[in-house]
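One structure coming up, written as structure tokens, with questions to follow.
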Amino acid sequence: MNELAIIGATCLSSEMVLWLPLPKTARTLVDTLHRSKKILLSKHISDDWKEKILPVYAFRIFKQSVFLPILIALIMAPILLISWALSPSFIRTIVDLTKPFTLSIMVATSVVYLMIRMKFSR
């Protein structure tokens, strides 16, 4: 029973990966970091301009850095909630989820689900 619940929760989490903007958010964060680095290291941009623009980049990086773990938590939520509902305690849930057998079930389920999903969504 627990394995079926984990498989169902993993399918739901895999679907959420497709629907939530996780890759876009990570890509935007990396792009913003690269842009701010280019500005900071540029000899052609004045220090006054750098002082004005870098707080803008810092705020963008902060927003994206806060949003990224929220997305990851949302993706992991179905697995954690279903496992917690089936286990007597939260510690036991974490122990059960980190067992190699459970992790291999989740990885295999996710890979198979996403392959099937991508094949039939075209």
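Quick one: what Rg and Dmax do you get for the range 2-120 from the alpha carbons, in Å?
20.1, 61
Using the Cα centre of the chain as origin and beta-carbon charges of +1 (Lys, Arg) and -1 (Asp, Glu), tell me which of LEU22, GLY8, VAL56 is placed farthest towards the positive end of the dipole.
VAL56
Just from its helices, what would the mean residue ellipticity at 222 nm be for the chain, if runs of 4 or more DSSP H residues each count -39500 (n - 2.57) and the sum is divided by every residue, rounded to the nearest 500 deg cm²/dmol?
On the way: 5 runs with 107 residues, N = 122.
Only helices count here, giving -30500 deg cm²/dmol.
Under a Cβ-Cβ cut-off of 15 Å, what is the net charge of the residues other than THR25 that fall near it, where Lys and Arg count +1 and Asp and Glu count -1?
+3
Return one number: the angle in degrees, 0 to 90 and rounded to the nearest 10, between the long axis of the Cα atoms of helix 2-19 and the longest principal axis of the Cα atoms of the chain.
The two axes meet at around 30 degrees.
Report the Cα centroid-to-centroid distance between the range 75-93 and the range 4-63 in angstrom, as an integer.
Between the Cα centres of the range 75-93 and the range 4-63 lies a distance of 29 Å.
Also: Only four residue types carry charge here, +1 at the Cβ of Lys and Arg and -1 at the Cβ of Asp and Glu. Report the dipole size of the chain about the Cα centre in Debye, rounded to the nearest 20. Could you put the intermediate results ahead of the total?
Details: 15 positive and 7 negative charges, 102 e Å.
Magnitude of the dipole: close to 500 debye.
With the calculation restricted to Cα positions, what are the radius of gyration and Dmax of the range 68-122 in angstrom?
13.4, 42
For a paramagnetic label modelled at 7 Å from the Cα of ALA26 toward its Cβ, which residues of the range 75-89 fall within the zone defined by backbone nitrogen distances under 15 Å?
Correct set: 75-76.
Once you place label points 7 Å from the Cα toward the Cβ at ASP96 and MET115, how far apart are they in nm?
Distance between label points: 2.8 nm.
Kirkwood hydrodynamic radius (Cα pairs, Å) of the range 23-77?
12.2
Could I ask something else about it? How far, in degrees from 0 to 90, does helix 22-41 lean away from the longest principal axis of the Cα atoms of the chain, to the nearest 10?
Rounded to the nearest ten degrees, it is 20.
Since every read-out is calculated from the coordinates, none of them should be taken as a lab result. Treat the numbers as computed from the prediction; the structure is a model and nothing was measured. Methodologically, a virtual Cβ is constructed for each residue, glycine included, from the backbone with ideal geometry; neighbour enumeration extends over all protein chains shown.
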